[in-house]
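Please see the structure below; I have some questions.
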Amino acid sequence: MIYFISLIPAGTVSLQVLGSGAKGAPRSLYVFTDQSRYLFNCGEGTQRLAHEHKMKLSKLEHIFITHPSWENIGGLPGVALTIQDVGVPEITLHGPAGTDEIFTATQRFVILKDLSVKMANCMLEDHFEDNVMTVHYVHINKSSATDTNGERAAPEEIVRAMSPDRIEDSDDDVDYYEHERKRNKRKHSRNRSNEAKRRKSDISAPKEPMALCYICRLKPRPGTLCLERCVERGVPPGPLLGKLKAGEDITLADGTLVKSADVRLPDDPGPVFIVVDCPSPDYLDTLVNNPAFVKHQMTAVSDVDIAYLVVHFTPKFVMEDPRYQEWMKKFSPSTYQLVINESNSCMGSVAVHRIQHKLNLLHRGMFPLLQDKGIPSEDVSLNSENGVAESERTGDNLISETKIHSNNGLKNSELEDALVNEVVQRTLAPAGKVSDIFSLIQARTFCSVHLRPRKGLDSQGELKLNPKLFVNETLNVEGFPEMLSELEQKLQQTPTDQLKKYPQVLFLGTGSCIPNKTRNTSGILIHTSEDDCILLDCGEGTYGQLVRFYGPDDVDAVLCKLRAVFVSHLHADHHIGLVGLLKGRRRALPQGPVFLIAPRQIMSWLKLYHRCFEPVLQEFVLVANGDLNLNNRNVDSNLDKHLLSSLKMSDISTVPVKHCPNAFGVALTHCDGWKMTYSGDTMPCDSLVELGKGSDLLIHEATMEDELVAEARSKLHSTTSQAIEVGHRMEAKFILLTHFSQRYAKLPRLNANFTKDVGIAFDNMQVSLGEVPLLPLMYPSLRLMFAEHYEEMEQKTARRLMKQERQKELVVST
């Protein structure tokens with residue numbers, strides 16, 4: 001497969017780690033040049049990191065997938081939406097056959113109306129080529145039929161309850177965004193239902209398990225003209241310089257012959273980098289015995305064929321296999337070897353730590369500092385004895401050992417810099433030993449390898465935290481220290497019910513539609529008791545948020561307590577993170593499946609994913625939202641009994657709400673007597689008021705400010721005051737607002753309706769039922785903490801109101 005080839009090869013080419021593959025973090029490697037962009041793997045959460053770090057996706061045209069597991073493809077739907085929004089008309093997907101079926105499986109809730117996804121033909125005899133590089137596909141196949149997935153067993157009575165008529169009706173022809181199309185008055189010439197059926201029928205049988213590795217070589221580039229050498233030889237400014245640059249020899253006016261080779265720097269033949277993924281030991285034989293790699297290892301006939309870099313997406317447990325380690329040793333000692341997998345610890349976001357350090361000033365219990373320790377702090381000292389940067393919080397266990405790559409053409413000064421910048425972690429060496437054959441670079445976000453010019457490893461851009469800076473940004477706001485002192489006095493004077501420790505609510509995502517750097521998409525973890533919890537909605541990155549909050553070591557214990565997941569409706573920002581969560585829970589514990597309380601139509605997506613990619617159906621037991629309807633309960637008695645007992649609930653009921661089709665709100669009534677209601681996404685809804693009557697806590701969406709009531713109505717959402725009014729009508733004791741439009745990235749606009757029974761949710765805010773009365777006391781401090789953001793919102797609102805007034809005057813005058 002050969003694409004258009006420009007006559008001018010790329011002048012600069014660098015590989016930059018976006019997602020390190022750490023637990024809860026995406027696996028993604030960004031290749032950027034002065035002409036185009038490429039992405040290798042696109043794990044869940046890639047979209048959010050790309051947004052935070054301002055990665056320019058407008059030039060992204062090719063995505064290379066090594067193996068179609070969620071760790072590599074979970075971020076494709078979100079990234080595709082972002083690419084579409086910036087105006088890219090087409091994206092080419094490279095990977096094992098069937099990788100593009102992720103878009104068929106998600107077509108009901110990921111609408112790509114302006115983006116065409118083209119699947120490359122990645123056959124062995126084929127290759128990809130453009131003006132930047134040539135990419136050869138290397139197939140890695142399973143050499144055995146070992147099933148490493150295992151199966152979970154649900155209780156027999158639950159299995160009987162899950163009759164075929166309850167779970168097999170997975171066809172879903174519902175248009176979940178019809179209301180938005182009507183609002184935008186878009187005309188579609190094709191029948192979406194028929195189109196969906198056609199695309200579903202195009203899904204072929206499950207493919208033979210396969211992974212793809214990529215051998216990439218940059219296009220050769222002639223050496224650049226050295227002006228100093230030209231001046232030394234008396235070449236005058238003008239067209240003669242152009243001839244020398246083009247490779248022509250010239251004769252000066254005095255008869256002197258100047259050869260192009262004498263005044264140009266050496267040609268760059270194009271370095272080779274290799275991207276490898278061996279998903280399981282079953283693939284090892286075909287990897288280590290594949291002849292395609294031999295010519296780029298120490299046995300290479302020419303130095304130009306020796307791999308400059310090998311990127312390992314291979315899981316840690318496979319890399320620890322002796323066969324894999326022996327294979328790595330076959331590469332030259334000069335070859336960089338970069339690891340992007342779960343052995344890393346950098347989760348890639350500084351913004352979440354910045355806002356959490358600020359909010360922590362208000363209440364350390366409600367806004368605890370995050371346990372993601374993978375990003376070192378700025379307080380770095382230099383150990384003069386070995387030249388290795390040391391930090392108080394180093395994240396990855398860095399071994400104070402550095403390897404100099406002798407054939408990278410580095411000058412002495414560059415070698416000295418390399419001693420400081422290239423800190424090598426050899427995770428695969430036996431305890432107490434360090435391999436003297438190869439070195440592994442543990443990836444962090446923004447770790448870079450420069451291929452052209454060949455500057456090698458660059459860790460200068462890697463992320464750092466500066467907690468003192470984060471805190472001082474707030475404490476230096478005029479009047480804030482005094483207001484903070486006043487808040488502390490009020491908090492001490494306000495009585496709280498310490499006995500009401502549960503339910504304890506942890507907000508994992510409080511934004512709407514798409515994630516931004518401070519508000520992720522919907523996800524709320526409810527600790528119903530010391531031993532049980534339930535998740536309300538599961539937007540993209542929910543599992544990563546759990547890891548970030550509890551830390552990679554302690555999150556598994558929390559997942560062991562997860563009894564159920566409630567999905568309110570099938571918009572992507574409320575459930576696309578479910579597969580990642582189920583896989584994370586599976587790794588955490590070897591016990592039975594979790595209850596999935598969701599619209600039954602979710603099975604269409606999950607069955608297609610299970611069939612086309614990897615097994616997930618064994619990880620949950622479906623309880624259809626409609627079967628728990630307050631006024632028409634239709635759930636099997638055995639299933640109902642096990643659901644309620646697992647969460648120690650006396651009742652779990654739902655009602656349809658006013659949003660897209662198959663959207664539900666839910667009320668949870670605990671055996672200890674408390675009641676909590678969650679709206680999901682909805683306009684003000686009478687049935688939700690009935691469902692939540694007398695709730696101790698209402699969590700309600702508040703997507704828009706009051707002045708945008710018309711927009712909220714057209715999108716079937718609520719304004720802040722509408723949400724508060726719903727709470728008052730159902731006589732809820734406290735109302736917590738969430739699901740804010742991304743225009744309110746830090747703080748929604750406050751008004752007189754924000755009284756002592758109303759609170760605002762933030763990502764990574766943890767509050768118990770007894771503590772919620774403290775939240776309204778924080779409004780003045782929050783307004784001052786985010787004064788710049790709040791003033792900007794006020795100005796936008798004022799301009800919008802002025803525009804509306806002018807429009808009204810024009811209507812009246814005409």
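Select the strands (runs of 3 or more DSSP E) contained entirely in the stretch 617-702, then report the ones holding at least 2 residues which are in contact with a Leu (Cβ under 6 Å, 6 or more places away or on another chain) and free of Cβ contacts under 8 Å to residues at least 40 places away in the same chain. Talk me through it step by step, then tell me what you get.
Numbers: elements: 620-624, 649-656, 664-670, 675-678, 697-701.
Because the criterion is at least 2 residues that are in contact with a Leu (Cβ under 6 Å, 6 or more places away or on another chain) and free of Cβ contacts under 8 Å to residues at least 40 places away in the same chain, the strands (runs of 3 or more DSSP E) in the stretch 617-702 that meet it are 649-656.
Can we say Ile724 is under 27 Å from the mean Cα position of the chain (by Cα) and open to solvent by less than 70 Å² (accessible area, probe 1.4 Å)?
Details: under 27 Å from the mean Cα position of the chain (by Cα): no; open to solvent by less than 70 Å² (accessible area, probe 1.4 Å): yes.
The answer is no for Ile724.
Can you confirm whether the stretch 747-757 contains a residue that is touching a residue at least 40 places away in the same chain (Cβ under 8 Å) and outside any loop (DSSP other than H, G, I, E, B)?
Checking the stretch 747-757: not a single residue is touching a residue at least 40 places away in the same chain (Cβ under 8 Å) and outside any loop (DSSP other than H, G, I, E, B).
Residue-wise test of (1) out of contact with any helix residue (DSSP H, G or I) (no Cβ under 7 Å at 6 or more places or on another chain); (2) part of a helix (DSSP H, G or I); (3) touching a residue at least 40 places away in the same chain (Cβ under 8 Å).
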{"position": "Thr521", "(1), (2), (3)": "no, no, yes"}
{"position": "Ser529", "(1), (2), (3)": "yes, no, yes"}
{"position": "Glu540", "(1), (2), (3)": "no, no, yes"}
{"position": "Gly544", "(1), (2), (3)": "yes, yes, yes"}
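A quick yes/no check of all residues on (1) of a type outside the set (Phe, Trp, Tyr); (2) not in a strand (DSSP E or B):
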{"position": "Gln35", "(1), (2)": "yes, yes"}
{"position": "Tyr38", "(1), (2)": "no, no"}
{"position": "Leu49", "(1), (2)": "yes, yes"}
{"position": "His62", "(1), (2)": "yes, no"}
{"position": "Pro68", "(1), (2)": "yes, yes"}
{"position": "Asn72", "(1), (2)": "yes, yes"}
{"position": "Gly78", "(1), (2)": "yes, yes"}
{"position": "Leu81", "(1), (2)": "yes, yes"}
{"position": "Thr92", "(1), (2)": "yes, no"}
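Now for a different question. Checking the structure you have, find out if any residue of the stretch 282-291 is polar (S, T, N, Q), open to solvent by less than 40 Å² (accessible area, probe 1.4 Å) and within 48 Å of the chain's Cα centre (by Cα). Step through it out loud before you land on a result.
Here is the first cut: in the stretch 282-291, the ones polar (S, T, N, Q) are 286, 289-290.
With the extra rule that they be open to solvent by less than 40 Å² (accessible area, probe 1.4 Å), the set shrinks to 290.
Next, only the ones that are within 48 Å of the chain's Cα centre (by Cα) stay: 290.
Yes: one or more hits.
Give the residue that is surrounded by the fewest Cβ atoms within 10 Å (Cβ to Cβ), with candidates limited to residues of the stretch 470-494 that are touching a residue at least 40 places away in the same chain (Cβ under 8 Å) and part of a loop (DSSP other than H, G, I, E, B).
Gly479
Is it fair to say Leu57 is open to solvent by less than 10 Å² (accessible area, probe 1.4 Å) and either of a type in the set (Lys, Arg) or touching a strand residue (DSSP E or B) at 6+ places or on another chain (Cβ under 8 Å) (or both)?
No.
Please work out which residue is most open to solvent (accessible area, probe 1.4 Å), limiting yourself to the stretch 758-799 and to residues that are touching a residue at least 40 places away in the same chain (Cβ under 8 Å) and of a type in the set (Gly, Ala, Ser).
Result: Ala787.
Please verify whether Phe331 is in contact with an Asp or Glu (Cβ under 7 Å, 6 or more places away or on another chain) and among the aromatic types (Phe, Trp, Tyr), treating the condition exactly as stated.
It is false that Phe331 is in contact with an Asp or Glu (Cβ under 7 Å, 6 or more places away or on another chain) and among the aromatic types (Phe, Trp, Tyr).
Mind checking which residues of the stretch 672-684 are open to solvent by less than 30 Å² (accessible area, probe 1.4 Å) and more than 26 Å from Leu747 (Cβ to Cβ)?
Trp674
With the structure loaded, tell me whether Asn631 is over 18 Å from Arg563 (Cα atoms) and at pLDDT below 95 or whether it fails that test. Spell out how you get there, then give the answer.
Details: over 18 Å from Arg563 (Cα atoms): yes; at pLDDT below 95: yes.
Yes; evaluated as a whole, the condition is true for this residue.
Could you please find all residues in the stretch 227-245 being part of a loop (DSSP other than H, G, I, E, B) and exposed (fewer than 11 other Cβ atoms within 10 Å of the Cβ)?
Selection gives Pro237, Gly238.
Mind listing whichever residues of the stretch 342-354 are closer than 30 Å to Lys501 by Cβ and surrounded by 22 or more Cβ atoms within 10 Å (Cβ to Cβ)?
Hits for the stretch 342-354 are Met347, Ser349, Val352, His353.
Here is a list of conditions, (1) open to solvent by 20 Å² or more (accessible area, probe 1.4 Å); (2) in a loop (DSSP other than H, G, I, E, B), and Asp262 meets all of them except one; can you say which number that is?
The one condition Asp262 does not meet is (2).
Table: residues versus (1) closer than 23 Å to Pro481 by Cα; (2) in contact with a His (Cβ under 8 Å, 6 or more places away or on another chain); (3) of a type outside the set (Asp, Glu).
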| position | (1), (2), (3) |
| --- | --- |
| Leu736 | no, yes, yes |
| Ala745 | no, yes, yes |
| Asn751 | no, no, yes |
| Gly759 | yes, no, yes |
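The values are calculated or read from the model by the stated rules, or taken from the named source; none is laboratory data. All values reported here derive from a predicted model rather than from experimental measurement. Virtual Cβ from ideal backbone geometry, glycine too; neighbours counted across all protein chains shown. Side chains are part of the model used for accessible areas, which takes the heavy atoms of the whole protein and leaves out ligands, DNA and RNA. Shrake-Rupley method; radii C 1.70, N 1.55, O 1.52, S 1.80 Å.
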